[in-house]
There are 2 protein chains.
Amino acid sequence: MARYEHIAGELRDAIVRGDYPIGAQLPSEAALASRFSASRGTVRQAVAMLVSEGLVGSRQGARRIVLGSERSQSFAELHSFAQWARSVGHQAGGQVIGSRRRSATSGEAARLGIEPGEEVLAVLRLRRLDGEPVLVERTVYASWIAPAVERLDPACESVTQELYETVGLVFAYGEHLIDAVSAGAEDARMLGVRRGSPLLRQRRTTTTQEGRPVECSDDRYRAGSVTFSIRNSHSANSLVRRAGD
Amino acid sequence: MARYEHIAGELRDAIVRGDYPIGAQLPSEAALASRFSASRGTVRQAVAMLVSEGLVGSRQGARRIVLGSERSQSFAELHSFAQWARSVGHQAGGQVIGSRRRSATSGEAARLGIEPGEEVLAVLRLRRLDGEPVLVERTVYASWIAPAVERLDPACESVTQELYETVGLVFAYGEHLIDAVSAGAEDARMLGVRRGSPLLRQRRTTTTQEGRPVECSDDRYRAGSVTFSIRNSHSANSLVRRAGD
DNA sequence: TAGGGCAACTTGTACAAACAAGCGAGACCA
DNA sequence: TGGTCTCGCTTGTTTGTACAAGTTGCCCTA
């Protein structure tokens, strides 16, 4: 592990542990540099991580202050339902309801960077959290990865992890669109809610390290089961509001 | 403006303009350093901005690639409904429906960093986009800022901008919790939708540069009117999924 | 006592240098 | 033809230095 990652980890642990409560000042860069026997540049890189995570605030001339104390999730934990569930102490379950090859719609083609009509693999999954159905996942995979997906066990818990172990596929970048929709008939039946009841929808597109799109998905969470959380600041804002559809 | 900000701006413009289409490689750090007559460190700081915005992907050993080409919003544009509407070419409107001082609930006190029962100012606003009601905003202000809020024009378009101009208040950090809820009776009446129809809820807490909480708010958008968008990656992830309530 | 101003401290920006580590393409070999 | 290996390129990490710019508290003065 890089030196700055180690320092960032130590500081993050200290904040989570409460050594630096919310509102408290962090030691100065010079003090941290001397404590960890590192240069100021390395310390700056470490605290920059915490700033981008929204854990600490930073402004020129003033000591850094603690803004929050909750451990944030890695990209993998966000992307993989099973890995996330495990990390927050819940049991993930679920199964494939349906899976078929068909030709891509124009929207899917645009998001996957392929030609409309090109073949894709559409998979419908129901995901459970501690036994309760909470998520309907409609995922469309690009054709080059489809064979590996079809070989998976239908009851496979973590698709992400399995694809990594079997073909070495790594999900590296994601775009997420979050809004609210009414439950359709199929959604309602699978999640055990009334038709028209609110669902939290997350449409995501994921790509490999090389920027090649792998999948796009329409995930619908039962209201109350899941909340998304974002921390941002004047200097770092990845959350964007968009009009309409 | 700092040198690295200038370089980042040039590159961002080039990407948005299409000089570097999605999937294309960016010039190497050495090439950029020579083009802008800057050191490699400064160039790295510039591209780091683009990476954190999700516009560019980066991995050791390989040239950086373009992942997206949409201009992202500033923190101010995200925070202020009016500034956001203007930046995307729509007309923001709205008015204060009700405003009263009361004592803080325990949840509000925790989020504002005050004692339960301490006095706060609760404001209910209806916001319109191009004339259509799209957002019900229930904001609770800490008592120290309440007088300035009460002095505002009830039809004031941008509360954020007005508070900056009158008392110099700057919103610097925010935490956002996003989920879906059913419209209550009041929500439904104000937004012109049926009771129980889906709303996108954004609960946010905002603080000053010093980390002092200013307000917390429960914003409910009519389904279909607004979508939140986040770009993230293996190296930078500010989006977090949380269980239940 | 109220106010301004100075001085120490702290973070931000920029440059230079060196090495580590991963990627990709072409050369080479079986 | 197919696989491997090496070499050059590119990004990642670390240290050092210097100066700019903003904050904070103390001290001095009116």
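The values are calculated or read from the model by the stated rules, or taken from the named source; none is laboratory data. The structure presented is a predicted model; accordingly, all values stated were derived computationally and were not measured. Please note: Cβ atoms are built from the backbone with ideal geometry, for glycine as well, and neighbour counts cover all protein chains shown. For the accessible areas, the whole protein counts, side chains as well, though only heavy atoms, and no ligand, DNA or RNA atoms are used. Shrake-Rupley method; radii C 1.70, N 1.55, O 1.52, S 1.80 Å.
For this structure, a couple of remarks:
- Spin-label proximity, A:Ile97 to the range A:131-160 - amide N less than 13 Å from point 7 Å beyond Cα toward beta carbon: A:133-139
- Buried surface between chains B and A: roughly 5700 Å² of accessible area, summed over both sides, computed with a 1.4 Å probe on protein heavy atoms only.
- With its label point put 7 Å out from Cα toward Cβ, B:Asp19 sits 4.6 nm from the same residue's point in the other copies, in order from shortest.
- Efficiency of FRET between B:Thr208 and A:Thr208 - r from beta-carbon atoms, R0 41 angstrom, step 0.05: 0.50
- In percent, rounded to a whole number, the relative contact order of the range A:3-66 is 42, using alpha-carbon pairs under 8 Å and six or more apart.
- Cβ-vector label at 7 Å, B:Ala185, separations to other copies in nm: 3.3
- If the convex hull is drawn through the Cα atoms of the protein assembly as shown, its volume per residue in Å³: 159
- Separation of alpha-carbon centers, the range A:36-85 and the range B:217-245, rounded to whole Å: 19
- Long-range tail of P(r) for the range B:37-115 (Cα pairs > 14 Å, %): 78
- FRET E, pair A:Glu70, A:Arg44, Förster distance 30 Å, beta-carbon r, rounded to 0.05: 0.80
- Relative contact order of chain A, taken over Cα pairs closer than 8 Å and 6 or more residues apart, is 14 percent.
- Here the range A:75-222 has 47 percent of its accessible surface on carbon and sulfur atoms, given a 1.4 Å probe and all protein chains in place.
- The residues of the protein assembly as shown expose on average 45 square angstrom of accessible surface per residue, using a 1.4 Å probe on protein heavy atoms.
- Under a model in which nothing but the beta-carbon of Lys, Arg (+1) and Asp, Glu (-1) is charged, the protein assembly as shown shows a dipole of about 60 debye around its Cα centre.
- Note on B:His90: accessible area approximately 70 square angstrom, rounded to 10, probe 1.4 Å, nucleic acids and ligands left out.
- Heavy-atom accessible surface of the range A:3-66: percent carbon and sulfur, 1.4 Å: 45
- Label point 7 Å beyond Cα along the C-beta direction, distances from B:Ala148 to other copies (nm, shortest first): 5.3
- Partner shielding of B:135-145 amounts to 0, given as the average count of beta-carbon atoms from other chains within 10 Å of each residue beta-carbon.
- Student exercise, the range A:147-245 dipole from Lys, Arg, Asp, Glu Cβ charges, in Debye to nearest 20: 600
- A:Glu157, A:Glu108, ranked by accessible area, largest first (probe 1.4 Å): A:Glu157, A:Glu108
- Rounded to 5, the percent of DSSP beta bridges in the protein assembly as shown classed as antiparallel: 100
- Linear extension gain, B:Ser34 paired with B:Ala185, 0.36 nm per residue minus alpha-carbon span: 48.1 nm
- Dipole magnitude of the range B:45-139, debye to nearest 20 (Cβ charges: Lys/Arg +1, Asp/Glu -1, about Cα centre): 200
- Taking every protein chain into account, the 1.4 Å probe leaves A:Asp179 with about 0 Å² of accessible area, to the nearest ten.
- Length-normalised contact order for the range A:59-137 - Cα pairs under 8 Å, 6+ apart - percent: 25
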